[in-house]
Amino acid sequence: MNFFGLLLGLATLLIIGLGFVWVIRGEYYLGYLWWPYIMGLGILIVIACLFVPSNWISALLGIFGASLVWGSTELKEQAVRAEIGWYPYNPTTRPAPPYVDKIKNWPAPHI
Amino acid sequence: MTLNWIGLVAAVTTFMGVWIGHVSVRKIEYISPTVWVPSGVALFLGVLLELGALVSENPYLSALLGIFGVTVLWDALEFWRQHRRVEKGHAPANPDNPRHTRLLRTSAMSTTMDWLDRNPTGRLLSTEELRAIQEGRL
């Protein structure tokens, strides 16, 4: 019996569960225009995991990085949900990400 | 320096598992007359994948099966959540699906239109705008 995959699966469940929370909070406090930074951070973490000798730590980092990339594609839809009134809408001015004008011209990814 | 590929396998499996689940749960729930059949199939497949993870000695295969299996088990739950979304109007109902036509009849919130098929505006939408979206004017 090899518990490696099963335990990684359980960790994936927790990390994805955490994703539901940070996407909602992230959209509320930062706004969906931060998506390229979240995506970039996720990609960096996935690249970094290649250099980690421990299988456990490398795999957990990979799962976390992938969930950041996925979550970054959910931010736009979460912004729409908040504007429709399904989630709390943050009426205050949120911090603009660096190069916000460029980011506004990019189509926010959504899967 | 030798690279450790296990993390990349875990990352790609996580992303693909979530992606495949996200798309297929929506498509299957849209056309399926029942929720319990696709949900039960996902539950069965998920358990099989986890058993596969337990018996495979290869760490790459064990990680792949274990992670993908969990996303499939999550999908089993998502079929029910998606049904609830259709009931609340948060996901579009299919007028050709008898289960959805029942929801369209019994739930005032359910609708065939997709509320989320739009871009953010940067402000909270007014009641007037929400009505315009509902009536297909916006």
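Where a number appears in this text, it was derived from the coordinates with a stated rule and is not lab data. Since this is a predicted model, take the numbers as computed values, not measurements. In this analysis, Cβ positions are derived from the backbone assuming ideal geometry, glycine residues included, and neighbour counts consider all displayed protein chains.
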Inset, instruction - Grab the beta carbon distance between A:L14 and B:R105, set R0 = 41 Å, and tell me the FRET efficiency rounded to 0.05. - result: 0.55
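Taking beta carbons within 10 Å but only from partner chains, what does the mean come to for residues B:66-79?
Values: counts 12, 13, 3, 4, 10, 4, 1, 2, 4, 0, 0, 0, 0, 0.
Averaged over the peptide's residues, the number is 4.
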Inset, instruction - Any chance you could give the angle, 0 to 90 degrees and rounded to 10, that helix A:4-29 forms with the longest Cα principal axis of chain A? - result: 10 degrees
Legend entry - On Cα atoms only, tilt of A:55-72 relative to the major axis of chain A in degrees: 20 degrees
Legend entry - Sum of side-chain charges, B:F68 neighbourhood, beta-carbon under 11 Å (Lys, Arg +1; Asp, Glu -1): -2
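Inside 10 Å of the C-beta atoms of A:11-21, what's the mean count of C-beta atoms belonging to other chains? Mind dumping the intermediate values first?
Details: counts 4, 13, 5, 1, 2, 7, 1, 0, 1, 0, 0.
The shielding value for this peptide is 3.
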Inset, instruction - Note down the relative contact order for the stretch B:6-134 as a percent, whole number, built from C-alpha pairs under 8 angstrom at least six residues apart. - result: 24 percent
Inset, instruction - Pop a pseudo-label 7 angstrom from the Cα along the beta-carbon direction at both B:R123 and A:F3 and give the gap in nm to one decimal. - result: 5.7 nm
Inset, instruction - Using R₀ = 22 Å, calculate the FRET efficiency as 1/(1 + (r/R₀)^6) where r is the Cβ-Cβ separation of A:W106 and B:T2; round to 0.05. - result: 0.05
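For peptide A:80-90, how many partner chain Cβ atoms fall within 10 Å of a residue's Cβ, on average?
Working: counts 8, 4, 3, 10, 9, 4, 5, 0, 0, 3, 1.
Mean partner shielding for this stretch: 4.
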Inset, instruction - Name the residue farthest towards the positive end of the dipole of the stretch B:6-134 from the options B:G122, B:T106, B:G17, assuming +1 on Cβ of Lys and Arg, -1 on Cβ of Asp and Glu, about the Cα centre. - result: B:T106
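With charges only on Cβ, +1 for K and R and -1 for D and E, what is the dipole size of the stretch B:6-134 about its Cα centre, in debye, rounded to 20? Don't skip to the end; give the middle numbers.
Details: 12 positive and 11 negative charges, 95 e Å.
Charge dipole of the stretch B:6-134: 460 debye, to the nearest 20.
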Legend entry - lysines with Cα under 30 Å of B:K88, excluding same-chain neighbours fewer than 8 positions away: A:K76, B:K27
Legend entry - Label-point separation in nm, A:V21 to B:D114, each point 7 Å along Cα→Cβ: 3.1 nm
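Using helices alone, what [θ] at 222 nm do you get for chain A, with -39,500 (n - 2.57) per DSSP H run of 4 or more residues, divided over all residues and rounded to the nearest 500?
Values: 5 runs with 75 residues, N = 111.
Mean residue ellipticity at 222 nm (helix-derived): -22000 deg cm²/dmol.
Within 10 Å, count the other beta carbons around each residue, average over each peptide in A:17-23, B:9-15, and list them highest first. Walk me through the numbers before you get to the answer.
Numbers: A:17-23: 14.3, B:9-15: 25.0.
Result, highest mean Cβ count within 10 Å first: B:9-15, A:17-23.
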Legend entry - Virtual spin-label span in nm between A:A96 and B:V41, 7 Å along Cα→Cβ: 4.9 nm
Inset, instruction - May I ask for the angle, rounded to the nearest 10°, between helix B:59-88 and the longest principal axis of chain B, with both axes built from Cα atoms and the value confined to 0 to 90°? - result: 10 degrees
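Taking the highest mean first, how do the peptides B:132-138, B:39-45 order by number of other beta carbon atoms within 10 angstrom per residue?
Answer by packing, highest mean first, reads B:39-45, B:132-138.
Quickly estimate the mean residue ellipticity at 222 nm for chain B, helices only: each DSSP H run with n ≥ 4 gives -39500 (n - 2.57), and the total goes over all residues, rounded to 500. Present the calculation step by step, with values, prior to reporting the outcome.
Numbers: 5 runs with 93 residues, N = 138.
Calculated at 222 nm, the ellipticity per residue is -23000 deg cm²/dmol.
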